[in-house]
Amino acid sequence: MNIETIKSTARLIEIFSAIQGEGLNVGTRQIFIRFAFCDLRCHYCDSAHTWNAPDTCRIEKLPGSREFEIHPNPVSLPILIEWVKRQNIPRLHDSISLTGGEPLLHSNFLIDFLPKVRSVTSLPIYLETGGHRPEQLSKILPYLDSVGMDLKLPSTSGESHWQAHKQFLKICNRAQLEVFVKIVISQQTSWSDLEQAALLIKDINPKILVFLQPVTPLEPGKVFTSEQVFAPFPEQVLSWQASLKQLLDRVRVVPQTHKFIDQL
Ligand code: SF4
């Protein structure tokens, strides 16, 4: 099945209200729309349940209640709008997070969905993405307010998408979107990958905010790829940040904070 041909329906995992734990929006309250399907297989993936579409998805009954209704997949556009409206209690949320999986695999659906959801909620739209699908990004660019782009280091993730990342970041930078780059680091991370990433970003705009995210090790039953990843040593993190700051203006180290406070 070519999932990009799906236009009027979306395969979803879940919709819920939670506190964002990563990157620039850490600590803000968001309506999360988690889409099904991912075309990557990162070694550290904590969302392997999104790789394929389940028969059903779940929607939080009231924002933050953690009680869910179960509904069949796929979900039509008007129904998804109604669900988002239900989450959108006045003054509660700072933005809507499109997450996954890889939300850009649903770009044809998002072209129709995003203008409508923006008009009914007035909330900014934030895209969380693997940063490797520039063509699909271009299609929905006018409807986005900010982008959190993963830059996958081959030594850490097992994925290699340098050219696509470069094109993707160029598009974000040109559009003057609020964009930041997230780079997951582990004990296995190589300096040559980090340097290549830094030079790629520097070449586009050295002021782009970069988050180094020390990997959260997966529990033994949740490792779905051939490699197990281990958290970087403190000395590695200090040394990598110091070296990257020689090339880039803004390099911060922030772990996945939502895991400390048991958010989804
Ligand atoms: S891009 Fe995200 S969802 Fe896909 S495999 Fe990598 S970490 Fe998992």
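Here Glu135 meets the list (1) of a type in the set (Asp, Glu); (2) surrounded by fewer than 16 Cβ atoms within 10 Å (Cβ to Cβ); (3) within 15 Å of the ligand (Cβ to nearest atom) almost entirely, failing just condition (3). For beta carbons closer than 8 Å, sequence separation of 6+ or different chains, a first residue in region 1-19 that is more than 15 Å from Leu98 (Cβ to Cβ) and a second that is at pLDDT below 95 and surrounded by fewer than 19 Cβ atoms within 10 Å (Cβ to Cβ), the qualifying pairs are Ile19/His258; Ile19/Ile261; Ile19/Gln263. In this structure, Ile70 does not qualify as of a type in the set (Val, Ile, Thr) and surrounded by 21 or more Cβ atoms within 10 Å (Cβ to Cβ). Being away from the ligand (no atom under 16 Å from the Cβ) and in contact (Cβ under 8 Å) with a residue 40 or more places away in the chain is a property that holds for Arg29.
Residue count for region 165-182, restricted to those that are farther than 19 Å from Gly100 by Cα and either crowded, with 21+ Cβ neighbours inside 10 Å or within 13 Å of the ligand (Cβ to nearest atom) (or both): 2. Pairing residues of region 98-126 that are closer than 19 Å to Glu22 by Cβ with residues that are within 16 Å of the ligand (Cβ to nearest atom) and in a helix (DSSP H, G or I), at Cβ distances under 7 Å and at least 6 apart in sequence or on separate chains, gives Gly100/Thr50; Gly101/Thr50; Leu104/Gln136; Leu104/Leu137. Of all the listed residues (Leu114, Leu141), the sole one being out of contact with any Phe, Trp or Tyr (no Cβ under 6 Å at 6 or more places or on another chain) and surrounded by fewer than 23 Cβ atoms within 10 Å (Cβ to Cβ) is Leu141. Note on region 36-63: residues that are near the ligand (Cβ under 7 Å from one of its atoms) and not in a loop (DSSP other than H, G, I, E, B) total 2.
The values are calculated or read from the model by the stated rules, or taken from the named source; none is laboratory data. All values reported here derive from a predicted model rather than from experimental measurement. Note that each Cβ is placed from the backbone with ideal geometry, even for glycine, and that neighbours are counted across all protein chains shown.
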